[in-house]
Structures are given as C-alpha cells and as structure tokens.
Amino acid sequence: MIKLKENWDKVLNIMEKQVTAITFDLWVKALVPYTVYEDKIILFTNSVSAKNQCEKNFKPLLKLALDEVFKDEYSGFKIITEDEKNLYTVQEESEENLDEQVPSENIKENRINLNPKYTFNNFVVGKSNQFVYAAARSVAENPSAKFNPLFIYGGVGLGKTHLLHAIGNYIAKNFPNKRIIYVTCEQFANDYIDAIRSGVKENAISSFREKYRNVDVLLMDDIQFISKKTETQENFFHTFNDLYQANKQIVLASDRPPKDIETLSDRLRSRFASGLIQDIQSPDFETRVAILIKKAQIENYNVESEVIDYLAENFDTNVRELEGYLSKVVFHANLLGHHFAGLEDAYMALKDIEKEDKENLDIEKIIKICCEYFNVSREDLISKKKNKEIVVPRQICMFIITEFLDTPLVAIGDYFGGRDHTTVMHARDKITRNLKTDDKLKNQIFDLKDKIKGNIIRRV
Ligand code: ADP
Ligand code: MG
C-alpha cells in the first residue's frame, strides 16, 4: 500500500505545476491528507473556501494527481472541513508543525510574555528579510553560539517583534529547560522603577534581578526607547553584562541601528556591535503577496487572488498595514454579505481608508505642501501681496483646498488673511478655467495632488 501522508508532497508537486502560484498557495496547500475511508482519500482543510474552490475548479486535476501518485489505489477523494471531521477516524498522527506547539503547563513558567502566534512557520521569508531570518533561526537553533547579541533593526511593522517571539517559541519548544523572557524596553524600565519605588526595597530589587538575570534567553524589544533613560541604561548595562558573561543569549530589536540611538552610551554601543547587527527591509512584491496569502490562510479569509495582487501592488511599506488592509477588505465584503472578497470590495474598502486619512488632512497641511512646492513662505502665501509669484501659488492653493476638503469658502477666506469668500470662489473658478488650456498649470496641479495624496495614502 502506498502511504497517504508520506506521499502527499508528490501530489503537491504535481499540482504546483498545474495551477497558478497564488491558487496553489491559497487553496491547494490548505489541504492535508486526513485518512482513508471506504476506498476514498479524505482530505482535510480548515478553510471552507479552500474546499469550495478545490471542488469547483480543481477536482479533475486533483484526481489525476492522486491517481498518478497512488497508482489508482483509491477510488476517489473527498474534501472535508472541521464539521465533518468527527465522522472519520484518523489513521495516523499528523506530524505537522510539531516543532512549534504551545508548551505544556509544567514548563510554562520558563517563558515569560511569549506570544505563541508568532512563529518561524508563519513568517514569510523573502529578499527583504532572508538574512535576518537566517540569523534569527541560527540563534534559535543554537542559542548562545554564534550571534550574541543579535541586534535586529528596521522600520515599523516589518516583523521585528514577530522574529523575537519566533526565536523564543522555537527555543521554548526545543530546549524546554531554558528560561526565556520577552520584554519591551519600556516594560523593563517600568519594572525597574516599580522595584525601586516599592516599599520593601531590598526584596523588590532582588526579585527584579532574579527575574532578569536568571534567564537563558533575553529578548528585548524596542530598545530605541532606552535613549533618554540613563538609569535604565545603567541597569540594563549590568543585566546585559551578567547575561553575556554567563553566556546567555541576548536578542535586541530596534527601529534604528545602534549608531543612531542618540544617547546610547558608548560602552553599550560597543557591546551591541560585538555580536551581529542585522537589518530588516520592506518586503518586495512577491514577499508581500506571500505574506497576504499566509495571512488569508491563517485567518481563513475568503479572498479572490486579484485582491491579494491589488493590495500587494498598492501598499508597499509596512506589513502591519498590509495585513490591516486585507482584513479591512474582508470585513467590508462580509458586511455586504459577499462570500468572497473581490476587487470591488477592495476598491470600496480602500476608498474608506482614503476617506479616513483625508480626515487627517487639513488646510495647514495643504498650505505647507504648496509652500514647499512653489518655494514661497507661508506668511507670503496667506498675505495680501499682489505680485504674480505669490498670487498664482495662492490661487492654486485655494483651488486645491476646495478640491480636497469640504471646508466652506468663507472659512478658507478667513485662513488667507481674512479674505472674502468671493475671492476664494474667483480663484477656484479661474484655475478650473485655465486648467483646460494651460498645460504647465495642469502639470503643477497634477504634481501637487500627487504629493497630497502621497501624504494621505501610500499608493505606488
Ligand atoms: P515590528 O515589530 O517590526 O514593528 P511586527 O513584528 O509587529 O513588526 O509585525 C507586524 C505584523 O506583520 C505582525 O502581525 C507580523 O506577524 C506581520 N509580519 C511582518 N513580517 C512578516 C513576515 N515576513 N511574514 C509574516 N508576517 C509578517
Ligand atoms: Mg515591534
């Protein structure tokens, strides 16, 4: 008999060549072999959409792939979801993801603040983060060996916190006796302050020490906040040294490299530099697609692949935002009763985002952008000066304000040195008229709108 689970990869390999990458990642990979029942292969998925999609679109392909691998040993297959699971018994234990399961009760106290949600398994690796991933993985597999301390830095929402927890979760699973602590710099400082303030001073301070210096792995996040707190720095320095000298693993994350943490003492800076300092970049297009697909799978979202592409194309900086937009689109679709989130839902949801961001846009911001663009001072722009170099930018600025905001003309007039609303109206109408014939003006307005949009919504 050809074993089902052992040969499932072969089925996947065949399918991968038959369908698009997104379809494969989103739907086919969501299937796992579950058992055999009355001569039929039972495949399980926890995604109803994966079941529907596979049944609707890939049944013949799946059948062919199964026949090829299992040489017609089974008469067919059936895809089940959670509801039907108890109707079938499992043949053998699945070994999926065993290396990163949630710890059992008795060793839980060895890990403080770890979030089991963030693992290496659900971290998508691409060009932007392959080195930092490799370093994190190496630290997790061999703590206190090569990279100590490991210092990870990069912009907001790029996965630093995720990696710290992933290291912690991995070590927790594979080295159950190691004590691991995840803490933000802020928490660390607060803990220390609490310890000092606490009535029974001696005890509090020694239990603080106990907490931080008896660990095997210290994962400290947002270390940039150490900058202005000299006492925290001093204390952290001692904690760091104690751990380092006892050959304990230290991993630090920051939004900037050590050299840019302004008030970091030189001795800490050189301690950090003694290990590995590794940056994490914004993900490229393919990685963004892969991250969105993973997220859709984890959250069981029903999304068309066009939506994934659309989001990955249009939002290119921050993974947290990218994920936020995906859930927003799905939420939007659900509200409208759409079973699958499609492109229309994405457009609508994005419009909402634009609207929300527009609420943060005000006259001042537009004036600022216009001043920068035309290289005139704010004072001149809102003054009564009548020279052409000022008048034209002023009129354009008024026009743009009326385009972006619903501010009443009277209020706009007020802003521009208490002018009458008819002046604003005149500016608006004149620019509207000239736009039809004046190409230079057209370009200027185009550029300005682009800058303002760039300010409120990051579109590529
Ligand atoms: P940071 O600490 O760098 O600000 P986080 O680690 O909090 O960012 O990441 C923000 C969100 O993006 C989290 O939900 C995280 O799981 C997700 N994320 C970031 N990078 C990846 C990645 N490469 N693969 C999967 N999810 C990611
Ligand atoms: Mg973070």
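Where a number appears in this text, it was derived from the coordinates with a stated rule and is not lab data. Since this is a predicted model, take the numbers as computed values, not measurements. All Cβ positions, glycine included, derive from the backbone under ideal geometry; neighbour counts span all protein chains shown.
Numbers below:
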| item | result |
| --- | --- |
| Over the chain: helical MRE at 222 nm, DSSP H runs n ≥ 4 each giving -39500 (n - 2.57), nearest 500 | -17000 deg cm²/dmol |
| Of Lys368/Lys388; Lys5/Lys127; Lys385/Lys451; Lys51/Lys78, pairs whose Cα-Cα distance is over 21 Å | Lys5/Lys127; Lys385/Lys451 |
| 0 to 90° range, to nearest 10: angle between helix 160-174 axis and the chain longest Cα axis | 10 |
| Per-pair calculated FRET efficiency, R0 = 41 Å: Gln245 and Leu335 via Cβ, rounded to 0.05 | 0.10 |
| Residue list for segment 237-269, given a label point 7 angstrom along the Cα-to-Cβ vector of Ser138 and an amide N cut-off under 18 Å | 248-253 |
| For segment 240-281: rounded, prolate or oblate by the Cα gyration tensor [a/c cutoff 1.5] | oblate |
| Beta bridges by DSSP in the chain, antiparallel share as percent, to the nearest 5 | 15 |
| Segment 163-206-segment 1-68 distance, computed between alpha-carbon centres (Å) | 44 |
| In degrees, nearest ten, helix 185-197 long axis to first principal axis of the chain (Cα) | 90 |
| Extension gain (nm, one decimal) between Lys430 and Arg320, 0.36 nm per residue minus Cα-Cα | 35.3 nm |
| Residue order, fewest to most beta carbons within 10 Å, for Ile226, Ile261 | Ile261, Ile226 |
| Segment Tyr37-Lys71, extension gain: residue separation times 0.36 nm, minus the distance between their alpha carbons | 10.5 nm |
| Shape call, segment 294-428: gyration tensor on alpha carbons, a/c limit 1.5 | prolate |
| Dimensions (Å) - the chain, Cα atoms, principal axes, largest first | 89, 69, 36 |
| Full-extension gain in nm, Ser327 to Lys59, via 0.36 nm per residue minus C-alpha separation | 93.6 nm |
| Three-way shape label, segment 362-450, alpha-carbon gyration tensor, a/c 1.5 | rounded |
| Among 138-149, 69-80, 377-388, 24-35, the order from most to least packed when residues are scored by Cβ within 10 Å on average | 24-35, 138-149, 69-80, 377-388 |
